[in-house]
1. Which numbered condition trips up residue 388, out of (1) surrounded by 22 or more Cβ atoms within 10 Å (Cβ to Cβ); (2) part of a helix (DSSP H, G or I); (3) modelled with pLDDT under 90?
2. Yes or no: residue 171 within 19 Å of residue 354 (Cα to Cα), surrounded by 18 or more Cβ atoms within 10 Å (Cβ to Cβ) and modelled with pLDDT of 50 or more?
3. When you scan region 33-40, do you find a residue that is in contact (Cβ under 8 Å) with a residue 60 or more places away in the chain and surrounded by fewer than 17 Cβ atoms within 10 Å (Cβ to Cβ), even just one?
4. Can you find, within region 104-126, the residue that is modelled with the lowest pLDDT among those that are surrounded by fewer than 16 Cβ atoms within 10 Å (Cβ to Cβ) and touching a helix residue (DSSP H, G or I) at 6+ places or on another chain (Cβ under 8 Å)?
5. Can you tell which of 297, 330, 302 is at pLDDT 90 or above, assigned by TED's automatic domain parsing to the domain that holds residue 251 and on the phi > 0 side of the Ramachandran plot?
6. Which condition from (1) more than 14 Å from residue 273 (Cα to Cα); (2) in contact with a strand residue (DSSP E or B) (Cβ under 6 Å, 6 or more places away or on another chain); (3) at pLDDT below 85 is the one that residue 192 breaks?
């Protein structure tokens, strides 16, 4: 424990949660001072039900539902009171909180927990009143780690000179010939990106191996035309060269990724579908979907798999996986983080920005662009605090629509995984 505490920077605290069948164990470690430890009567089943209730209000189809649903503030505060409050003395007052979640908690951004009961009556209007809630993110910036030992691995790395170039982005890949011929204007699809494709689940048959797998059917993947504009805007904020460092459409190919010297870039961004093992016929590992190889013509299969990510070489402060359902989700909880995420860490990333659910186009562009604008303008600002400030700014920003960006489904899907300092 002393070795971990020595890695914490001033203003940081670490919380680790282990969820058991009939109780949970929580410990908190400040940068200085005594740790706190608690055994709390929160069982795995109860936690899973609470997380499910919160996620149901965070991951709806807003357009189909006619607007965001009510948020269960009582559940959000019960989780805070049950898990974080018992160890407050060790982390309260920290500016940045590093969380190591476990079990169903891995599916939930802790930013949506509330630090006090909130009983404000639902006011008429678009929901701006939700910005008044005592969200945890108002009190502390939050990052997460897959394991406590990951902090030691990340902070014990020797950092050489910063990579020479600021940014490289791959997005809006072409999946079908029709999209490749005609193109799709930004905004052509739903204003809510369905970031994780939903083709029928595919289970491996006995004896089936990747060598005999059916070819990936890229027609099952919807286009993501708005991701191109998002990449271009972030490239502009970071003063990247769009002709050299931005790869969209057919150029967003697996071959391009593999041929590029990614060690030259401080921020590496992928804006495409994140897929889990078995989610498409022929897919045997978590993967990022890139342009259809029949259209890109680069001799690859179009899926940047976990194994292939392990073969990349990076020297990146950030790997950004947006327009992807790249945080833990559903019954395969943790697979994409423990798969793709760990692979990017192994390849040389120091931090990941990932999403827990499908994000609305305009709010995603505003939040991510503001985050990188802050990091560019304030070199000493940590990634966790930049994410916190951009989330709070979005919460207060008018949407110009019939609903408010103060609803957590808009500002809370993002998690910083890795070194948030």
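The values are calculated or read from the model by the stated rules, or taken from the named source; none is laboratory data. These figures come from a predicted structure and were not determined experimentally. Neighbour counts are summed over all protein chains in view; Cβ atoms, including those assigned to glycine, are modelled from backbone coordinates with ideal geometry.
1. (3)
2. Yes: the conditions hold for residue 171.
3. No.
4. 123
5. From the options 297, 330, 302, the qualifying one is 302.
6. Looking at each condition in turn, residue 192 falls short on (1).
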